[in-house]
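Reading through the structure tokens given below for one structure.
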Amino acid sequence: MTTTLHGTFEPRFAGLRESLQQNITSGKEIGASLVVDIDGERVVDLWGGYRDAARTAAWEKNTLTNVWSITKTVTSLAALMLVDRGELDVYAPVARYWPEFAAGGKRDVEVRHLLSHTSGVSGLAQPATVEDLYDTPGAAARMAAQAPWWKPGTASGYHVMNYGHLVGELVRRITGRSLRQFVAEEIARPLGADFQIGVAEADWTRVADIVPPPPAPCDPAAAAGRDNPAYKTLTGPAVAAATANTPAWRAADIGAANGHGNARSVARIVSALARGGQVDGVRLLGEKTIDLVFDVQSDGVDLVNGLPVRWGIGFALPNKATLPWIPDGRIAFWGGWGGSMIIADLDRRMTISYVMNKMGPGILGSDRSAAYVRTIYDQLP
């Protein structure tokens, strides 16, 4: 079976194509897709490699894979759409929409705190298992009853697996629809984007299995100490990468981590930010709502992932200390565990999307995503 890449690219991005081709040929990548959209034009749309570690099934144009925390950017977009419609106020208490959330001293926690990972509720209190996450309403109710693990609004603590439970419950309270249903009906379908939270069983034959990263040299949860928000979050619950390949995970509604798509569909959705809120005539956001993304909520070392992160509302903002290969400017981004990346560059009306199945080490970004993004920016005017 050939490892030749498929798709299209402008000649100026020949080096990008060559880099992706070399990584697939060498085995650094197994399967991947990469899109650069500039003002609605796909100047790069590449895919290739394999859907499986044994390299027996080709990564096709319509291949999907679990995109981990890139899912959070779609979940954030769903919430911002409700803000744009006047149905959700990011500066209002969460309890205005979800009264039970006021328990445990959280009466003053605001919607923006959920969207910027500063709520103090970054996971499930023990006992916590992956199976608990599959009961989306039940897990959300447990989170609503918990006391925060640090003073809300004072620092970020990455909401690793529960971001979609919290934000999704707001969506459900306001619209009467689950987050998965809202994303399908209000985002993916109008845009013609091949993206789902979870993935329908009928589509499993085109899903690329996740290939877990190499073992970490140490257990970050154990190193943090049991009273630390990092420990509580990373064990509340702990999730192994291979879990993404199970039927139960694929059937669940986990708006933090089980979105399934590819570079093309993720770019299509998140390009709404870079293109002023509209995608080919489909309006998702207005300019004032987009401005909220750049309202800095936290700027410091995250209590959970340990990285210096500058959080706006719903998205991370450039921070040279963490990802020096993302330039300064009006840019919103985030990445998925293992190295996938979505970048909305509003200054250039450009969206960069990279999705793969072979996970690299580390928490955010990878050597591969860094090299691709640097190459892209090197080719811009």
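FYI, it's all coordinate maths here, none of it is from the lab. Since we're looking at a predicted model, the values are computed, not measured. Ideal geometry is used to build each Cβ from the backbone, glycine not excepted, and the neighbour counts take in all protein chains shown.
Remark: the Ala53-Gln126 segment gains 22.9 nm on full extension, using 0.36 nm per residue and subtracting the alpha carbon distance. Subtracting the Cα-Cα distance of Phe294 and Lys151 from their residue separation scaled by 0.36 nm leaves 49.2 nm. Region 227-319 has equivalent-ellipsoid semi-axes of 28, 22, 10 Å, by the square roots of 5 times the alpha carbon gyration tensor eigenvalues, sorted largest first. The ranking of Phe13, Phe315 by Cβ neighbour count inside 10 Å, starting from the fewest, reads Phe13, Phe315. Estimated from helices alone, the mean residue ellipticity of the chain at 222 nm is -8000 deg cm²/dmol (sum of -39500 (n - 2.57) over DSSP H runs with n ≥ 4, per residue). Under 5 Å between amide hydrogens, built in the peptide plane, is the criterion, and for Ala32 it picks out Gly48, Tyr50 among residues at least 5 positions away or on other chains. Full extension of the chain between Ala103 and Ala371 gives 91.9 nm of extra length, using 0.36 nm per residue less the Cα-Cα distance. Among rounded, prolate and oblate, which fits region 239-381 when a ≥ b ≥ c are the square roots of the eigenvalues of its C-alpha gyration tensor, a/c under 1.5 means rounded, and a/b larger than b/c means prolate? In terms of gyration-tensor shape, rounded. Under 17 Å from a label point set 7 Å out along the Cα-to-Cβ vector of Glu41, the amide N atoms of region 315-359 belong to 348-352. 3J(HN,Hα) along region 118-125: 10, 6, x, 10, 9, x, 8, 5 Hz, from the Karplus curve 6.51 cos²θ - 1.76 cosθ + 1.60 with θ = phi - 60°, whole Hz, x for Gly and Pro. Packing order of peptides 300-308, 59-67, highest average first: 59-67, 300-308 (average count of other Cβ atoms within 10 Å over each peptide's residues). Which of rounded, prolate or oblate describes region 70-175 when judged by the alpha-carbon gyration tensor and an a/c cut-off of 1.5? Verdict is rounded for region 70-175. Other residues lying with their Cβ under 12 Å from the Cβ of Gly312 contribute a combined charge of 0, Lys and Arg counting +1, Asp and Glu -1.
Evaluated at q = 0.18, 0.24, 0.28, 0.31 Å⁻¹, the base-10 log of the normalised Debye intensity for region 1-59, with identical point scatterers placed on the Cα atoms, takes the values -0.58, -0.90, -1.11, -1.27.
Compute the Cα gyration tensor for region 159-268, then decide on rounded, prolate or oblate, letting a ≥ b ≥ c be the square roots of its eigenvalues: rounded whenever a/c is under 1.5, prolate when a/b is larger than b/c in the other cases, and oblate in all that remain. Write out the running numbers ahead of the final one.
Details: a/c = 2.47, a/b = 1.45, b/c = 1.70.
Since a/c reaches 1.5 but b/c is at least a/b, the shape of region 159-268 is classed as oblate.
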